[in-house]
Amino acid sequence: MFRYLMRRLLAAAVILVVISAITFVTFFALPTDPALLACGKTCSPSRLAEIRHALGLDKSLATQYWEFFKGLFVDRTYGDQSITVHCNAPCLGVSFQSDTPVLTILLGDFPVDLSLGTGAAVIFLVVGVGLGMVAATHKGKAADKVAVSASLVGVSLQIYFVGLLLMWAFVDKWQILPAPSYTPLTQDPVGWFQGLLLPWATLVVIYLAFYTRLSRSSMLETLGEDYIRTARAKGLPMRRVILKHTLRAAITPIITIFGMDLASLIGGTAVITESVFGLNGIGKQAVDAVTNSDLPVTMGTTLFAAAAIVVFNIIVDMAYGIVDPRVRLA
Amino acid sequence: MAIELPPQTADGTAPSAFLDVRDLQVHFPTEDGLVKAVDGVSFTLEKGRTLGIVGESGSGKSVTSLALLGLHKGTRAILSGEIWLDGEELVALPEPAMRALRGEKVSMIFQDPLSALHPFYMVGNQIAEAYLVHHKASKKEAKDRAIDMLKRVGIPQPERRVNDYPHQFSGGMRQRAMIAMSLVCNPELLIADEPTTALDVTVQAQILDLIHDLQQEYGSAVIIITHDLGVVAQTSNDILVMYGGRCIEYGSVQDVLNHPEHPYTWGLLQSMPSLSSDVHTKLNPIKGNPPSLINLPSGCAFSPRCAFKDRVPGGRCMTERPELRPMAGNDQHIAACHLADDEKTDRVAK
């Protein structure tokens, strides 16, 4: 088990290095010049060269990448005569825009997506599997038809529509919720919950449909298995047949997809939701960084998202080994 | 003082045996039409005796056995007829009462033990669960019971193997575990649905012996469902041959196998390889395919495949459905065939 984990983590590190290299090269393939952008409208050639030097853009690509990589283990100091920025290892670089170390930015934004993603994911998983279970056990009846058609409506809605609609209803019209914002959980649990309720609801509407249909079909498939017939032949109550025998087997394919969805939500895919509700998360940071040609932040957010996916992949595989005794990790 | 009323059967006669199935019908409505999977099957079975139900795939033998367990309840299947088990009628029995019987009084050994055992739970847990659902016992007691059952069906080191998962068992051991599970509550009626089909030939004989020994020990009534006449010859007292959802021949094993009266039964016997026959003799399969259960041929369901239909005058085989009738003056041996006794002279000599 331990050796398996070590091997997976090593592979993960290699993947992240490759992704960082690709991001690096892609960034310089873009036509915009970050130094020119930082220089402003009245820019003299000497000032441009100064900025280029300060940002380290005058060095060769390989050197720049090497310095970025070295920064993960050794402290770096940036700056010209006027300002110096110190960046402690592990250093992911310093933002071209705000002169803040990238890691500080990421650590500041990360709790937003962690709260947003985890909260929404827990709701859509539990409710989605529940609805799918009801639909599957009432196949062809009214409950099934309602669940399936409701999920069709859900899947065709868009975040910016649902989000704005919810905000209009709950914040403007009925005024029962404050405008969405992020308050740390440790600081004010009630405020945290109230501020994230609408963003969660929006994400849930979008994802719920998918999870309902997924668990419905997975449940139906499992209900047709011979071992479910065996469970009934033993005289077990239907409740137990569904909740124990069927659910346990039907949940396994859902785990994989859920892991990936949760990882990408935490990694910043919820960027539209962040924007609609004015939350400053990783997704918004990434979009801004690309718009502003802010290389270090672009690198940081990309690597963060990739790391989330890679880590959750390992977690999913290990969870599989726990749920399904036929899977042995080696 | 409460007076126990005698069970009310449709025709007023008391159930004549421990298990008395009368005119059982199981129909499934589908988009293409009504599938008559079982269409009027009757038989009786006493405790301590074994009935073999034989037929091709789709002849309705498994559907019949699921009806005995009441597993069609809650599905779209339409059941009619009567199933009297120990004086209790099962077709009309409500699901909670049926559930109490399932696994306790009637239990079933399924065909493919790998898919019939839950892959995520330990074998011992699955056996203990079958016990706990019908008995007030602690988990420890149920587990001891599971170990005891595993030992009884011949699993070596049952104390250790009880914590194994099904995939850690070999095919034969899985079927033994399946048998242990179905016997954990000492059922009075045991149904074995093709219990040896998924197993090696050497293991097949062991499993059949095991079922026989356990039957002797518990005195259960056993139904063995199979397409293998060899299995029936080895295990059963009576044999019921099904074709197209109906019983076409029914009698004692000696009568049916030694004097088969239905051309389909002859065909089954002829299509079996035999050690004594010349290796160059070709097997003689029954030509054609089993009939569609939605559109059964009019008249005798077997007539399109029957080589003897021309010997019945007036084309009755194609127009008139033959009723089950006693054969050769033997009330205990019935078959559904228009063919007159003296026309069967050149049938297969067995």
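The values are calculated or read from the model by the stated rules, or taken from the named source; none is laboratory data. Since this is a predicted model, take the numbers as computed values, not measurements. We place every Cβ from the backbone using ideal geometry, glycine too, and count neighbours over all the protein chains shown. These area figures cover heavy atoms from the full protein model, side chains too; ligands, DNA and RNA do not enter into them. Shrake-Rupley method; radii C 1.70, N 1.55, O 1.52, S 1.80 Å.
From the list A:D226, A:D261, exactly one residue is away from every other protein chain (no Cβ under 14 Å), open to solvent by 10 Å² or more (accessible area, probe 1.4 Å) and out of contact with any Gly (no Cβ under 7 Å at 6 or more places or on another chain). Which is it? First the steps, then the outcome.
On the way: A:D226 fails: away from every other protein chain (no Cβ under 14 Å).
Answer to the selection: A:D261.
Return the pairs, sorted by first residue and then second, in which the second residue is charged (D, E, K, R) and not in a helix (DSSP H, G or I), the first residue lies in region B:107-130 and is under 13 Å from B:L150 (Cα atoms) and more than 7 Å from chain A (Cβ to nearest Cβ), the beta carbons are less than 6 Å apart, and the residues are 6+ apart or on different chains.
From residues that are under 13 Å from B:L150 (Cα atoms) and more than 7 Å from chain A (Cβ to nearest Cβ), the pairs are B:V123/B:D164.
Only one of (1) of a type in the set (A, V, I, L, M); (2) more than 9 Å from every other protein chain (Cβ to nearest Cβ); (3) open to solvent by 30 Å² or more (accessible area, probe 1.4 Å); (4) assigned to a helix (DSSP H, G or I) is not met by B:A142, so which one is it?
Result: B:A142 fails condition (3) only.
I need the full set of residues from region B:80-105 which are part of a strand (DSSP E or B) and either more than 9 Å from chain A (Cβ to nearest Cβ) or over 18 Å from B:L19 (Cα atoms) (or both), in order please.
If the condition is that a residue be part of a strand (DSSP E or B) and either more than 9 Å from chain A (Cβ to nearest Cβ) or over 18 Å from B:L19 (Cα atoms) (or both), then B:S80, B:G81, B:E82, B:I83, B:W84, B:L85, B:E88, B:E89 are the ones that fit.
From A:T42, A:T32, which residue is touching a residue at least 24 places away in the same chain (Cβ under 8 Å) and outside any helix (DSSP H, G or I)?
Values: A:T42 fails: touching a residue at least 24 places away in the same chain (Cβ under 8 Å).
Among A:T42, A:T32, only A:T32 is touching a residue at least 24 places away in the same chain (Cβ under 8 Å) and outside any helix (DSSP H, G or I).
Do we have any residue at all in region A:279-296 that's more than 13 Å from chain B (Cβ to nearest Cβ), among the basic types (K, R), out of contact with any strand residue (DSSP E or B) (no Cβ under 7 Å at 6 or more places or on another chain) and in a helix (DSSP H, G or I)?
yes
Please go through region A:297-330 and give me each residue that is among the small types (G, A, S) and more than 14 Å from chain B (Cβ to nearest Cβ), ordered by number. Walk me through how you get there before you give the answer.
Initially, region A:297-330 is screened for residues among the small types (G, A, S), giving A:300, A:305-308, A:319, A:321, A:330.
Those that are among the small types (G, A, S) and more than 14 Å from chain B (Cβ to nearest Cβ): A:G300, A:A305, A:A306, A:A307, A:A308, A:A330.
Pick from region B:179-195 the residues that are surrounded by 24 or more Cβ atoms within 10 Å (Cβ to Cβ) and assigned to a loop (DSSP other than H, G, I, E, B): which of them is farthest from the other protein chains (Cβ to nearest Cβ)?
Top of the filtered list is B:P195.
Based on this model, can you work out whether A:A249 counts as more than 29 Å from A:L165 (Cβ to Cβ) and at pLDDT 90 or above?
Values: more than 29 Å from A:L165 (Cβ to Cβ): yes; at pLDDT 90 or above: yes.
It is true that A:A249 is more than 29 Å from A:L165 (Cβ to Cβ) and at pLDDT 90 or above.
How many of the residues in region A:202-223 are closer than 30 Å to B:A192 by Cβ, touching a residue at least 40 places away in the same chain (Cβ under 8 Å) and surrounded by fewer than 22 Cβ atoms within 10 Å (Cβ to Cβ)?
Total satisfying the criteria: 2.
What about A:I83, is it aliphatic (A, V, I, L, M), modelled with pLDDT of 85 or more and closer than 25 Å to A:D288 by Cα?
no
Taking interchain pairs and intrachain pairs at least six residues apart, which have beta carbon atoms under 8 angstrom, with the first residue in region B:330-349 and at pLDDT below 75 and the second assigned to a strand (DSSP E or B)?
Qualifying pairs under 8 Å: B:D341/B:M327.
Mind checking which residues of region A:116-129 are under 11 Å from the mean Cα position of the chain (by Cα) and either open to solvent by 10 Å² or more (accessible area, probe 1.4 Å) or more than 24 Å from A:S275 (Cα to Cα) (or both)?
Answer for region A:116-129, where residues must be under 11 Å from the mean Cα position of the chain (by Cα) and either open to solvent by 10 Å² or more (accessible area, probe 1.4 Å) or more than 24 Å from A:S275 (Cα to Cα) (or both): just A:T118.
Of everything in region B:31-54 that's part of a strand (DSSP E or B) and charged (D, E, K, R), which residue is least open to solvent (accessible area, probe 1.4 Å)?
Of the residues in region B:31-54, the ones part of a strand (DSSP E or B) are B:33-45, B:50-54.
Imposing the further condition that a residue be charged (D, E, K, R) reduces the set to B:36, B:39.
Numbers: B:K36: 76, B:D39: 14 Å².
The residue in question is B:D39.
So, in region A:147-188, of the ones that are among the β-branched types (V, I, T) and outside any loop (DSSP other than H, G, I, E, B), which residue ends up surrounded by the fewest Cβ atoms within 10 Å (Cβ to Cβ)?
Here is the first cut: in region A:147-188, the ones among the β-branched types (V, I, T) are A:148, A:153, A:155, A:159, A:162, A:171, A:176, A:183, A:186.
Those left that are additionally outside any loop (DSSP other than H, G, I, E, B): A:148, A:153, A:155, A:159, A:162, A:171.
Details: A:V148: 17, A:V153: 10, A:V155: 15, A:I159: 20, A:V162: 20, A:V171: 15.
So, considering only residues that are among the β-branched types (V, I, T) and outside any loop (DSSP other than H, G, I, E, B), the one surrounded by the fewest Cβ atoms within 10 Å (Cβ to Cβ) is A:V153.
Only one residue in A:P184, A:P199, A:P101 is touching a residue at least 60 places away in the same chain (Cβ under 8 Å), within 30 Å of A:M299 (Cα to Cα) and out of contact with any Asp or Glu (no Cβ under 9 Å at 6 or more places or on another chain). Which one?
On inspection, the qualifying residue turns out to be A:P184.
Among (1) in a helix (DSSP H, G or I); (2) more than 13 Å from every other protein chain (Cβ to nearest Cβ); (3) open to solvent by less than 10 Å² (accessible area, probe 1.4 Å), which single condition is A:T246 missing?
Here A:T246 clears every test but (2).
Being closer than 17 Å to A:F96 by Cβ and open to solvent by 60 Å² or more (accessible area, probe 1.4 Å) is the filter here, so list the residues in region A:20-40 that pass it.
A:T26, A:F28, A:L30, A:P31, A:T32, A:L36, A:L37
Could you please find all residues in region B:67-107 being of a type in the set (A, V, I, L, M) and open to solvent by less than 10 Å² (accessible area, probe 1.4 Å)?
Answer for region B:67-107, where residues must be of a type in the set (A, V, I, L, M) and open to solvent by less than 10 Å² (accessible area, probe 1.4 Å): B:A67, B:L68, B:L69, B:I83, B:L85, B:L90, B:M98, B:V106.
Looking only at region B:194-226, count how many residues are farther than 16 Å from B:A180 by Cα and touching a Leu at 6+ places or on another chain (Cβ under 9 Å).
4
If the Cβ limit is 8 Å and pairs must be 6+ apart or interchain, which residue in region A:238-256 that is assigned by TED's automatic domain parsing to the domain that holds A:V134 pairs with which residue that is modelled with pLDDT under 95 and of a type in the set (K, R)?
A:M238/A:R232; A:V241/A:R232
Out of A:T77, A:T100, I need the residue that is touching a strand residue (DSSP E or B) at 6+ places or on another chain (Cβ under 8 Å) and modelled with pLDDT under 80. Which one? Full working, then the answer.
Numbers: A:T100 fails: modelled with pLDDT under 80.
Result of the check over A:T77, A:T100: A:T77.
Tell me yes or no: at least one residue of region A:130-138 is open to solvent by less than 80 Å² (accessible area, probe 1.4 Å) and within 20 Å of the chain's Cα centre (by Cα).
no
Going by what's in this entry, would B:G58 be described as in contact with a Pro (Cβ under 6 Å, 6 or more places away or on another chain), over 30 Å from B:M173 (Cβ atoms) and open to solvent by 10 Å² or more (accessible area, probe 1.4 Å)?
The answer is yes for B:G58.
Which one of these does A:D109 not meet: (1) open to solvent by 30 Å² or more (accessible area, probe 1.4 Å); (2) outside any loop (DSSP other than H, G, I, E, B)?
It fails just one condition, (1).
Please verify whether A:A233 is in contact (Cβ under 8 Å) with a residue 12 or more places away in the chain and either more than 14 Å from chain B (Cβ to nearest Cβ) or buried (at least 21 other Cβ atoms within 10 Å of the Cβ) (or both), treating the condition exactly as stated.
no
Before we move on, is B:A77 within 15 Å of A:K234 (Cα to Cα) and within 14 Å of chain A (Cβ to nearest Cβ)?
No: the conditions fail for B:A77.
Looking only at region B:57-69, count how many residues are under 12 Å from the mean Cα position of the chain (by Cα) and within 24 Å of B:N295 (Cβ to Cβ).
Residues flagged as under 12 Å from the mean Cα position of the chain (by Cα) and within 24 Å of B:N295 (Cβ to Cβ) within region B:57-69 amount to 8.
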